[in-house]
Amino acid sequence: MAGLKTASGDYIDASWELSVAVEELGPEAEPLTLRVTGDVHIGGVMLQIVDKIKVKQNWSDHALWWEQKKLWLLKTNWTLDKYGLQADARLRYTPQHKPVRLQLPNRRMICVHASFSEPVFRAVAGICRVLSIRHAEELSLLRAPEEKDKKKRKGPVLGTEDEFDLSGVVLPATLPFLTGAEQQPFRGMPAHFSDSPATEACYRMLSVSWTGLTPEHVLKMPRPSSLVEKAQINSRWLSSSRSLMQQDVRENEQLWLRFKYYNFFDLEPKYDAVRITQLYEQARWAVLLEETESTEEEMMVFAALQYHINKLSLSADPTETAGEQGMDDLDSALSNLQVKLEGGTSTSDMLENLTTIPELKDYLRIFRPRKLTLKGYKQHWVVFKETTISYYKSREEALGEPVQQLNLKGCEVVPDVNISGQKFCIRLLVPSPEGMSEVYLRCEDEQQYARWMAGCRLAAKGRTMADSTYQSEVQNILSFLQLQRASPDAPVAPDAEAMGTQWLVSPRYQKKFKPKQLTPRILEAHQNVAQLSLTEAKMRFIQAWQSLPDFGISYFVVRFKGSRKDEILGIANNRLIRIDLAVGDVVKTWRYSNMRQWNVNWDIRQVAIEFDEHINVAFSSVSARCNIVHEYIGGYIFLSTRSNDKGRGLDEELFYKLTGGHEAL
Amino acid sequence: MEQTCDDIDEMFSNLLGEMDLLTQSLGVETVQPPSPKESNKEYNFTVGFKDLNESLNALEDKDLDALMADLVADLSEVEQKTIQAQKTSSHCPQSEVTQPSTGVCAAAAYDYKSNVPVTTTGHFEDDLPPPPPDPAFDLPLPPPPPDPLTQEELETQAKADKIKLALEKLKEAKVKKLVIKVHMNDNSTKSLMVDERQVARDVLDNLFEKTHCDCNVDWCLYEIYPELQIERFFEDHENVIEILSDWTRDTENKVLFLEKNEKYAVFKNPQNFYLANKGKNEGKEMKEKNKEFLLEESFCGTSVIVPELEGALYLKEDGKKSWKRRYFLLRASGIYYVPKGKTKTSRDLACFIQFENLNIYYGTQYKLKYKAPTDYCFVLKHPQIQKESQYIKYLCCDDQWTLQQWVTGIRIAKYGKTLYDNYKRAVQRASLASGWANLATVKPAVTAGSSLTDITGTVQANGQILQSIPPASLEAQKHTEMTKDKKSNDVNGGHSVQPTSQPQTYQNKRASLKPPPPQRRSSAVSSTPLQPAQPKRGSAVFTSDPVTFPPPPPEMAEDLPPPPPDFCEDPPDFVPPPPPTCSSSSEDLLPPPPPPPPASVSNKPPPVTKKVGPPPPKRQVNTERTEEPKSMGLPPSGGGSGQPDLMSDLMKALQKKRGNTS
């Protein structure tokens, strides 16, 4: 035991001092110093640390982080020598899981614990497991935009104030990792959400879209105005094969969680309440902010769907499971029928009752525009029976021949309403062998208008007013009229109905149309979606979004080899697109299916791709780091390898191989 | 009129003679059953022809031939149904109680039906009383007898609404029929009966059977408007009667049966449409596997991908004679154009047209007709428009290939995945064709649809018919059956007419296994022509009947020995046997052998289970073609639309109720 001692009284041997910072001791506390030798195992070091701290708590999540090398010392059986650790190393003894503040696709904030030691790919999988989003491989994390962007967003940023905290949630440990297996729901939601009212509220936020949106929200959001700006967001993606800690993400830092790869696998309303909602939200924002451009007609459909979803969401119960509604209808019809049958007193009466189809009879003013006539509206006695409208000169003549009969099946019904002018017209374009004949029906008031309009709509689809949807159609029309009535200057009533329709469309169309022009158009589009259930409507929205030509293209500013100017590279789920930066025209498209191989020269940061028929393409990325581009392409190729076999997990190794570049090796 | 009737009469005897020949050629000695024949005739005159007269005048002889074949098929089924009716009625005393009322009701319903104004289109419409409607009317009725007047007051308006809904659905099942004349390649024509639920695919299948063509996927029904000089092929999922009912009465429009490569070109070479650059790559080759990937990607995702398509087309301005060149783009939501001085970014595009209520046609020889720049034109119009009108949009492409791209692209945008499903079905059908043909030569009964089998069917009334009849005509038969039922046996018939009540009666049968012998016997006899030949067959034969019934309530199946293997063997050997004894013995009361079998038959409701057996051959065909059930009371015919469900649910409800009351 004899040996030389240092001034501090330690023995001089192969041992040296290692300093480790422990956050739990407080920010001001001196780092711990341990006396170690090179052949001590990491596990041993950690034991010593815990001994020295003398604080009783669960240290199992803690691990050593080597700051200079940005490296987690996770292999507890490795020695310090093996890690190449010397006395100058600054170590931190810190938890592997830390809270982060996530902005979800629906622009709401949530606080969750994320793994800071595993690759982001796994960290995202963990987060998604907490959020109950299947197929986490389609999502990833981005850094929040820089400060200057934030300034723009001051004001009522979407309820960021009420942040939801899911950091305390404990997941059942038995869940298989990355298999995409479904959790057993409890009270209509994943079991871990049902712990407390707070988490239940959180589940509601996740699975029901937010209804409190105002036009200002949309206006305040930064909108990309050019391809170059659209390329900006893609520079912020975190690398999937490195950990959050390695990418300098701090505890409680704000990150965005977004669907990164536009290749949505196996969307299933039964399991995917949260996923579909979040996807819908991302789609909705992409449309509203014109990240994905749409035409006027398409925008009206999106607006109608949003309106519809919003309306249903107000009364939605997230624990309600989707589906089975169709049968429900029939079932109850049958059970009712049964009751009827059992109590068949006045069967014949009833029959008559049931088989008669409601009719509408009223004095309406009718106008048939014709060339060279200046005649205006003329009062007629109008009878609406089944799908046919007949009109007579007067009520007394209703037994005789009508002036005209119009079968509305297949016709076009357009509202022509001006509330302030008390004008409630229905414009009918009725097809006939000779062409379309145009007829205007003018109603006296809202009620009458709603009844006739609803009848016309159903008739156009070949249904009669006996149809069970008739009443709801009438209600729909009335509530839309209500919307129109609320002028934008009027005090905003709390319920969403009164908010007008401006927020349903992108700012461009907010400017282009006055509310009273906009509402009828949305109403028109709404008639085609009014019968959808909440989930169906979201799915329809997603589908409509997917069929936009710009959908699913992630932009990067690149410089092609041999070219002197910047160009845009679009990366989609099946192809690469070379786009002229100035004009926005597609110059060339290459499909992954023709791709032979691709390489990245990390020194000159150039991606080189070889396609069939010896086509070679090489470019370097200007707007984003080279590995982001590389990961995007590799990620899509990885996703295309997914199989329908649900039991099989994902081949994580393959993902890193395809996306990680040299770092993974 | 008289004339026609006579003709028909004559044809009938011819037919029957032919049947004789045929049955004889099968090596079976057949005695023509006189009574069925008569009743058949009667039926025809009273029901069918009354309505048909007018249009029949217009038909040529060979059309009539074809038509007759269809009708004959119907007739045979009528017999079956009658038998069924008798049997069921005789088997269940309880239902007998209800019979009077139901019978009357059915008759009323029937009358109503036949009086329904017929909207005749194109050719003519056959207003056979469709089976489903009857149930609609009878439905509320059956129950009252058992348990009348209870808690009527408790019912709310809401409930009434629901019932209305149910009834409306039932009503929709009224079956309209139309005989259409299809022009063949060789300038000949064929007439065939189309019922209002048949889609183009069904009609094509019928035509395949009638023409013995190669059944490849390119065959299509092709609609031609000589007046507008436009034409197009029907998509396989389109309802034929619906399309034809848009034609005017005096129309010159025609339906052709021909091959069009364009119909499914996109699925054979998707690369030409999805990967082509500016129309240059036509004919580029691609590996099959890659094609599959491409199709999968384009059609099987969450939303269908519409081929990217844009370019300058000529547009004929509304009502003007000039053609103006504009830059058009195709999107899933419609066709757009770039307004003057704007760019082709999404926000600047102006909508030219959207695809609801719109069909796309080829315009032919428009250079001549409208002074179009080229003859490669396409036309968009509302299906109902039949004359020239400002609401028809005319567009003209530079070349044939561009035209094809646009037409295909628009179809994809309009129909989406349906198109791909249609294609897959067509391919399936085509690949079946060869095997089908083989089968046909071996055992025609199974292959179905040929007039031969139809005829034999008539003769034997029972057994194999169920297999020999193509679902379509099976449907038709059902019709006739019902009517005949009513004629020959009003009370019972009336009862049996309601498919709904049938399972119920079956149940009863089980419950009270020994119903009045005489009645049953007669029915049993006629229904089991095979017995003498092979007593064991009895059950097999019997199975045929159940086939015409709605799916048995689950419980039944339980007490029945399910003999699927049995069935498998049956068809082959029991095809020939029927003729011998069948009809001859049927009406005169006692050929000694029969009695025992019937008894066994009645003892074994098993037939019901067996029923499980028979459908397969037929069902195969069915699933291929039908989207809608043939009729409400029918066997679970392939496609599952609301109706069968509804019916079986109603059944359940009824049974449940019965359980309660008893």
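Give the order of B:CYS396, B:CYS300 when sorted by the count of other beta carbons within 10 angstrom, beginning with the fewest.
With the sparsest Cβ surroundings first, the list reads B:CYS300, B:CYS396.
Using the 10 angstrom Cβ neighbour count as an exposure proxy, how do A:LEU73, A:LEU360, B:LEU313 rank, fewest first?
A:LEU360, A:LEU73, B:LEU313
To check my understanding: the extent here is largest minus smallest coordinate of the Cα atoms along each principal axis. What are those three numbers for the stretch A:387-444, in Å, largest first?
Result, largest extent first: 38, 31, 16 Å.
In the structure shown, do any of B:LYS324/B:LYS393; A:LYS409/B:LYS162; A:LYS385/B:LYS177 have a Cα-Cα gap over 20 Å, and if so which?
Beyond 20 Å: A:LYS409/B:LYS162; A:LYS385/B:LYS177.
Starting from the Cα-Cα distance between A:SER620 and A:ARG370, subtract it from 0.36 nm times their residue separation and give me the gain in nm to one decimal.
Extra length from A:SER620 to A:ARG370 when fully extended: 83.6 nm.
In nm, to one decimal, how far is the modelled label at A:TRP16 from the one at B:LYS320, with both set 7 Å along Cα→Cβ?
Output for this residue pair reads 8.8 nm.
Apply 1/(1 + (r/R0)^6) to the Cβ-Cβ distance of A:ARG427 and B:GLU388, taking R0 = 25 Å, and write down the FRET efficiency to the nearest 0.05.
0.60
Relative to the present Cα-Cα distance, how much length would full extension add between B:ASP348 and B:GLN400 at 0.36 nm per residue of separation?
Contour length minus Cα-Cα distance gives 15.8 nm.
State which entries of A:LYS538/B:LYS291; B:LYS260/B:LYS381; B:LYS263/B:LYS414 exceed 25 angstrom in Cα-Cα distance in the structure shown.
A:LYS538/B:LYS291
Which distance in nm do the two modelled labels at A:LYS588 and A:GLU28 give, with both placed 7 Å along the Cα-to-Cβ direction?
For A:LYS588 paired with A:GLU28, the spin-label model returns 6.5 nm.
Can you work out the FRET efficiency for the pair A:ASP248 and A:GLU268, with r the C-beta to C-beta distance and R0 = 51 Å, to the nearest 0.05?
Plugging the Cβ-Cβ distance into 1/(1 + (r/R0)^6) gives 0.85.
Modelling each spin label as a point 7 Å along the Cα-to-Cβ direction, I'd like the A:THR214/A:ARG564 distance in nm, to one decimal.
Distance between the two pseudo-spin positions: 5.3 nm.
A:GLU567: net charge of surrounding residues, Cβ under 15 Å, Lys/Arg +1, Asp/Glu -1, itself excluded?
That sum, taken over residues with Cβ under 15 Å, equals +4.
Treating the beta-carbon of each Lys and Arg as +1 and of each Asp and Glu as -1, no other charges, what is the dipole magnitude of the stretch A:36-148 about its Cα centre, to the nearest 20 debye?
Around 400 debye, computed over the stretch A:36-148.
Over the alpha carbons of the stretch A:368-466, what is the largest minus smallest coordinate on each principal axis, giving the biggest first in Å?
Principal-axis extents of the stretch A:368-466 (Cα, largest first): 35, 33, 31 Å.
Using a 10 Å cut-off around each Cβ, can you sort A:ILE604, A:ILE615, A:ILE579, B:ILE410 from fewest to most neighbouring Cβ atoms?
A:ILE604, A:ILE615, A:ILE579, B:ILE410
Take the cross-link list A:LYS361/B:LYS387; A:LYS260/A:LYS657; B:LYS287/B:LYS424; A:LYS512/B:LYS321 and give me the ones stretching past 23 Å between alpha-carbons.
A:LYS361/B:LYS387; A:LYS512/B:LYS321
Rule-based calculations on the coordinates, nothing more; no lab input. Bear in mind the structure is a predicted one, so any value in this text is a computation, not a measurement. Every residue, glycine as well, gets a Cβ built from its backbone with ideal geometry; the counts of neighbours run over all protein chains shown.
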